[in-house]
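Inspection log for the structure reproduced underneath, given as structure tokens.
The values are calculated or read from the model by the stated rules, or taken from the named source; none is laboratory data. Just so we're clear, the structure is a prediction, and the values are computed from it rather than from any experiment. Cβ placement follows ideal geometry from the backbone for every residue including glycine, while neighbour counts extend to all protein chains displayed. Quick note on the areas: whole protein, heavy atoms, side chains included, nothing else; ligands and nucleic acids left out. Shrake-Rupley method; radii C 1.70, N 1.55, O 1.52, S 1.80 Å.
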Amino acid sequence: MTPLKIGIVGVGKIARDQHLPALEANPDYQLVAIASRNAALSGAANFLSLEAMLEAMPELDAVSLCAPPTVRYAQARQALAAGKHVMLEKPPGATLSEVEDLARQAQAAERTLFATWHSRHAPGVAPARDWLAGRTIRGVTIEWKEDVRVWHPGQAWIFEPGGMGVFDPGINALSIATAILPQAFHLREATLQVPQNRQAPIAAQLSFSDAAETPIRADLDFRQTGPQTWDIHVDTDAGRLTLSKGGSALYIDGEHQPTGEEQEYPALYARFAKLVAAGESDVDVAPLRHVADAFLLGRRELVEAFHDE
Ligand code: NAP
């Protein structure tokens, strides 16, 4: 297969940490361009905007959008209108409606739209889903607690409207839960702690249940210092399953289970190439829907101001 000519848009933390190395290692792609207001990359054409990139490089097949979610819709729309296949970082947009609109646009343009959920490709996730299939779930506890100053230094956008605050990492837990639990679930109650000088929550406690009233609780916190916690515990009729370290480690009744190695972003690009070859899209808004529900139903508590220094 001829490699897909791809451009990266928004060269920040995630593009540098994950997208550039994953593309470099995958012969199905040729990284031909970046669009960035600040970064420069040798070996590819450098543009200051997506618009300039699309205009100068009609041979481009695809773009991968790595900026924060509030600019995703406008960029994706522009790229689809120019006939490009589009890969979206998570969260796929700032609202459900805009993501659904993009899915319609991709279909009309006969281009691939891939709304990625990188955590679903963590090595423990597929074996966890397989182990849970057919079991009776008695309860689920999600603990997703990290230090915002360590993982999102200087990212003011994260506490702005559309930045989603602690749901920026928390949506990763929800992307795993919606992939591994055998039944759909929905929000019953939520409390959102919002710093008095910010717009988005720094912590949240969520209480969901499925049709069988199974309790599913999530505790999200951006204020965790010291050891970080990205754990999901599922109690079942056959014991307790724990996904730890963001889905990369799997335990059954405390016993470590063998899993493959960490390959989240390589797996995303492999899937994108397959979707393009098959002429298909993959847009699952389930994790974003739970976040939207939390903003609809959540009780808001003002907490101490947050200063990022
Ligand atoms: P970031 O470093 O703050 O921003 C990414 C880049 O987006 C910026 O460097 C900038 O690129 C561009 N950008 C920022 N604001 C923009 C605006 N208003 N208009 C146009 N471009 C803008 O953030 P990040 O951590 O990479 O996160 C980006 C996305 O990746 C988020 O949706 C996040 O949830 C997701 N993600 C992040 C991580 C992580 O560990 N940080 C992990 C997985 C997924 P230029 O300077 O090149 O223009």
Longest to shortest principal axis, alpha-carbon extents of the chain, angstrom: 56, 44, 36
From largest accessible area down, sort E262, E304, E255; use a 1.4 Å probe on the protein chains. E304, E255, E262
Can you run phi through the Karplus equation (6.51, -1.76, 1.60; θ = phi - 60°) for the range 98-110 and list ³J(HN,Hα) in whole Hz, with x for Gly and Pro? 5, 5, 5, 5, 4, 4, 5, 5, 5, 5, 4, 7, 6
Area of M1 that stays accessible when all protein chains are in place (1.4 Å probe, Å², to 10): 150 Å²
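What's the extension gain from E309 to R271 if we count 0.36 nm per residue and subtract their Cα-Cα distance? Could you put the intermediate results ahead of the total?
Details: separation 38, 0.36 × 38 = 13.68 nm, distance 3.85 nm.
Additional length available on full extension: 9.8 nm.
Grab the DSSP H runs of the chain that are 4 residues or longer, score each as -39,500 (n - 2.57), total them, divide by all residues and round the 222 nm result to the nearest 500 deg cm²/dmol.
Numbers: 9 runs with 89 residues, N = 309.
That comes out to -8500 deg cm²/dmol.
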Could you state how much accessible area S119 has, in square angstrom rounded to the nearest 10, with a 1.4 Å probe and all protein chains kept in place? 10 Å²
Amide H within-cut-off set for R138, under 5 Å, with H built and near neighbours excluded: D235, T236, D237
Expressed in Å to one decimal, the Kirkwood Rh of the range 186-309 from all distinct alpha-carbon pairs is 17.7 Å
Within the range 164-309, what whole-number % of the accessible surface is contributed by carbon and sulfur, with the 1.4 Å probe and all protein chains included in the calculation? 46 percent
Applying the Karplus parametrisation 6.51 cos²θ - 1.76 cosθ + 1.60 with θ = phi - 60° to the phi angles of the range 213-221, what ³J(HN,Hα) value in whole Hz is obtained for each residue in order, glycine and proline being reported as x? 6, 5, x, 10, 10, 10, 10, 10, 8
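If N is the number of residues in the range 4-115, what value comes out of its Cα radius of gyration divided by 2.2 N^0.38 Å?
Values: Rg = 12.9 Å, N = 112, 2.2 N^0.38 = 13.2 Å.
Computed over Cα atoms of the range 4-115, the ratio equals 0.97.
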What's the FRET efficiency of A40 with H186 using the Cβ-Cβ distance as r and R₀ = 45 Å, to the nearest 0.05? 0.45
Taking the full set of protein chains and a 1.4 angstrom probe, give the accessible area of R138 in square angstrom, rounded to the nearest 10. 150 Å²
Hey, for a label at K245 modelled as a point 7 Å past Cα toward Cβ, could you say which residues of the range 253-296 have their backbone N under 18 Å away? 253-267
Indicate, rounded to the nearest 5 percent, the antiparallel portion of the DSSP beta bridges found entirely in the chain. 55 percent
How big is the gap, in Å, between the Cα center of the range 20-66 and the Cα center of the range 143-181? 26 Å
Given H placed 1.01 Å from N in the peptide plane, which residues other than close sequence neighbours of N26 have an amide H under 5 Å from its amide H? none
³J(HN,Hα) across the range 265-278 via Karplus (A = 6.51, B = -1.76, C = 1.60, θ = phi - 60°), whole Hz, x for Gly/Pro? 6, x, 5, 4, 5, 5, 5, 4, 4, 5, 4, 4, 4, 8
Å² of accessible area per residue within the chain, as computed with a 1.4 Å probe and no ligands counted: 46 Å²
Enumerate the amide H contacts of L4 below 5 Å, restricted to partners 5 or more residues apart or on another chain; note that Pro and chain-start residues carry no placed amide H. Y29, Q30
Can you give the angle from 0 to 90° between the axis of helix 72-81 and the longest principal axis of the chain, with both taken from C-alpha atoms, to the nearest 10? 40 degrees
